[in-house]
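Input: a single structure, listed below in structure tokens.
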């Protein structure tokens, strides 16, 4: 187990905790994971493979230096956090469909709830393609700024719902005041939620904390992710890694279909995107160069770029 943690932290380029595992170290781990290990769907597209056994995930993410999808990324992160003595619970989630504009019929996403020694509850997720950079405070009906964007949790009788908020470009004139970027944690901000366009990410049942969920419980969902025509992950080439070098650059890099995308967050928390079409040549020279330089990924085999 010690070698597991040592190799994992080396992959994340982060030191062992100096004190007991606490909120500050959790924030640093979350950022490091998102800026070092990408979300990627290349094997789902080309090979129709999704192995979620712990030994394979460790080999893939840490030793082979690949990326993965939610069950692999959050499944591995949960194992690391437990090894560091955090209180972690898996949360089965249902993703909001981009094409269908509705939630699916199965729990096709995995997120994590961490409860700190003082009782503070935080939502962690290093396995969603549009992530919050720092863990969210598990509190409903408030706008939270997580360094890479705005988020909120809402609650119905049956579900907690995670949404991402987008400010319009006109908000540049309003000089939104954000917390200092030097404080590496999610902050609740006093901004009217009506100023945002809210887009659902996923939802989970209000009684999730009464479940005893394990990684192997997602085997059935893995089959759904591989084969279902309703799952975007087996249809669209996706790769995403966050970038956090304040104050010069905050944002990330992505492959979406046939495009390389650069995301940047300005001082008002507004996201901008630049799209660069990729050639889908036989040798993948352009794609593989970008994957190596921006995502720290080296994949030798032929890759397919697939758009919707």
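Structural remarks
- Multiplying the residue separation of residue 275 and residue 189 by 0.36 nm and removing their Cα-Cα distance gives an extension gain of 28.0 nm.
- FRET efficiency for the pair residue 308 and residue 19, taken as 1/(1 + (r/R0)^6) with r the Cβ-Cβ distance and R0 = 45 Å, rounds to 0.45.
- Annotation: peptides 61-68, 205-212, ranked by per-residue average of other Cβ atoms within 10 Å with the highest first, follow the order 61-68, 205-212.
- Secondary-structure-derived ellipticity at 222 nm for the chain, considering helices only, amounts to -6500 deg cm²/dmol, per-run term -39500 (n - 2.57) for DSSP H runs with n ≥ 4.
- Separation of segment 106-140 and segment 209-268, taken as the distance between their Cα centroids, equals 14 angstrom.
- Taken along the Cα-to-beta-carbon direction at a fixed 7 Å, the label points for residue 158 and residue 211 span 1.4 nm.
- Candidate values (i) 26, 24, 21; (ii) 31, 27, 16; (iii) 41, 26, 14 were compared with semi-axes √(5λ) of the Cα gyration tensor in Å computed on the shown model; the agreeing label is (i).
- Full extension of the segment from residue 138 to residue 264, taken as 0.36 nm per residue of separation minus the current Cα-Cα distance, would add 42.8 nm.
- One quarter of the surface of the convex hull around the alpha-carbon atoms of segment 22-112 equals 6.9 nm², the direction-averaged projected area.
- Computed on segment 55-188, with alpha-carbon pairs under 8 angstrom and 6+ residues apart, the relative contact order is 16 percent.
- Stretchable slack from residue 293 to residue 249, in nm (0.36 nm times residue separation minus alpha-carbon distance): 14.2 nm
- Computed over the chain with a Gaussian network model linking Cα atoms closer than 10 Å, the most mobile of 33, 109, 224 is 224.
- Relative contact order %, the chain, counting alpha carbon pairs below 8 Å whose residues are six or more apart: 19 percent
- Here the label points at residue 49 and residue 64, each 7 Å from Cα along the C-beta direction, are separated by 0.5 nm in the simple model.
Laboratory data are not the source of any read-out in this text; all were calculated from the coordinates shown. Treat the numbers as computed from the prediction; the structure is a model and nothing was measured. Here the Cβ is made from the backbone with ideal geometry for all residues, glycine too, and neighbour counts use every protein chain on show.
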